[in-house]
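Bear in mind these aren't lab numbers, they're just calculated from the coordinates by the rules spelled out. The shown structure was predicted, so the numbers you read here are calculated from the model rather than taken from an experiment. Positions of Cβ are generated from backbone atoms using ideal geometry, with glycine treated the same way; all protein chains shown enter the neighbour counts.
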Amino acid sequence: MRRQVVKLSAVLVTSLVMLAFSVTTAFAAAPHFISASASIGNGGVLVVSWKEAGLGDNQLIAYTVSADATATYVCVNGGNHNPSASNKTTVSGPVSASGSFSSGKNGNITASLSAAPPSAPDFCPNGQKTELALVTYTNITLTDTTNNISVDLGTRSSGCLLPNVTGAC
């Protein structure tokens, strides 16, 4: 009888220790964005940067950045002018970028992803080149697809990207 009580006690203690470790592990991984921002970089590219913590050590985390974009392109001649008001076109559509990053030994990730504006159609006459004049990104969203958490980053507009081109903006 005493031997059965000792075995039962040992099993109970082992079970409690295992439960304690599993509860600690469950609470250790609580993914959340500490910061996230969106900006427009060179060439009208949408750049989303963030820091996410609570990921656990050495975890590979997948991210997606998505947005709706509207880009206005103009034709620019050799004299650095947009010679005609009709030499402009606006292109709209969804843009996105994806990537995976490791949390390393500290359980957080600091990273960036970039998404290009929609491409311009071929519409400029010979002797003129197509240039991006302005771009707006709406509904900008960063998603940690591994843990299914997202953050909405709103809208960003470039303003005129060709201030030295007469008639571009």
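Computed 3J(HN,Hα) for segment 115-124, one whole-Hz value per residue from the Karplus formula 6.51 cos²θ - 1.76 cosθ + 1.60 where θ = phi - 60°, is 10, 7, x, x, 5, 7, x, 7, 10, 7, glycine and proline marked x. Going by neighbour counts of Cβ atoms within 10 Å, the residues Lys51, Lys105, Lys88 line up, fewest first, as Lys105, Lys51, Lys88. Rounded to the nearest Hz, the phi-derived 3J(HN,Hα) couplings of segment 39-50 under the Karplus curve 6.51 cos²θ - 1.76 cosθ + 1.60 (θ = phi - 60°) are 8, 10, x, 4, x, x, 6, 7, 10, 10, 10, 7, where x marks glycine and proline. Listing Asp122, Asp57 from fewest to most neighbouring C-beta atoms within 10 Å gives Asp122, Asp57.
Annotation: amide H of Ile149 within the under-5 Å range of Asp144, sequence separation 5 or more or interchain, hydrogens built in the peptide plane. Karplus-based coupling profile of segment 31-38, in residue order and whole Hz: x, 7, 7, 7, 8, 7, 8, 10, with θ = phi - 60° in 6.51 cos²θ - 1.76 cosθ + 1.60 and x standing for Gly or Pro.
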